[in-house]
Amino acid sequence: MLTEEVLVEKFITVVKGRCAKVGELLQYCHVELVNSYWGCPPKLIQHFVVYYPNMLFASINANKDVFRDVAQDLGICQAVCINATRIIRDPASRLKEKNPILWLELQWVAVPIKKGNWHLDRDLPHSD
C-alpha cells in the first residue's frame, strides 16, 4: 500500500499533468490525504483535502471537478476543497489545540498578501 505522502505527490503530479494552470494553483495550497472509517464494520474511506487561501476561492472552486476526477482515478473516494483562511480566522475553531501541526501549515497557506506588493505576490495568480 502506498503511503499518504506518496499519494499526495502523485495527486499533485497528475493534476499538473492534466491541467497546468490548476497545477500551478496547488503551489499556494496545502494538500493532505485524510483517512476516516465509516459504517459497521468500519470501512476505510480516504479523501484528498485541498486547503487554499481565500484569494484563490474562485479559481479553486471553478476547477474542483479536476481534483475530484484525479482523486477517483487514483482510487481515492473524493477530493474536498476547504478555505484555509476561514478555518484559521474562525474564533470557534479548536484546530490549534487538536492538531497544531496542521494549524501551522494552514497559517502558511492563509498568509494575507496585499495586491501591489510586487516583491511578495508577483507570481501569485489572483482571482478577482
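The values are calculated or read from the model by the stated rules, or taken from the named source; none is laboratory data. Please read these numbers as outputs of a predicted model, since none were measured by experiment. Cβ atoms come from the backbone with ideal geometry, glycine included; neighbour counts cover every protein chain shown. For accessibility, only protein heavy atoms count, side chains too; no ligands or nucleic acids. Shrake-Rupley method; radii C 1.70, N 1.55, O 1.52, S 1.80 Å.
Points worth noting:
- Å² per residue, accessible surface of the chain at 1.4 Å: 66 Å²
- Extension gain, Ser93-Val34: 0.36 nm per intervening residue step, less the Cα-Cα distance, totals 19.4 nm.
- With both labels modelled 7 Å from their Cα along Cα-to-Cβ, the Arg18 to Lys64 distance reads 1.5 nm.
- Carbon + sulfur, % of accessible area of the stretch 1-73 - ligands and nucleic acids excluded, 1.4 Å: 54 percent
- Dipole of the chain [Lys/Arg +1, Asp/Glu -1 at C-beta], most positive-end residue of Ile60, Ala71, Gln46: Ile60
- Rounded to the nearest 20 debye, the dipole magnitude of the stretch 59-114 is 320 debye, with +1 charges on Lys and Arg beta carbons, -1 on Asp and Glu beta carbons, and the Cα centre as origin.
- Among the lysines of the chain, pairs that are 8 or more positions apart or on different chains and have alpha carbons within less than 29 Å of each other number 20.
- Each Lys and Arg Cβ is given +1 and each Asp and Glu Cβ -1; about its Cα centre, the stretch 8-53 then shows a dipole of about 160 debye.
- For the pair the stretch 57-87 and the stretch 15-40, the centres of their Cα atoms are 6 angstrom apart.
- Nitroxide proxy distance, nm - points 7 Å out along Cα→Cβ at Lys10 and Gln72: 1.8 nm
- Every helix of 4 or more DSSP H residues in the chain counts as -39500 (n - 2.57), and over all residues that averages to -12500 deg cm²/dmol at 222 nm.
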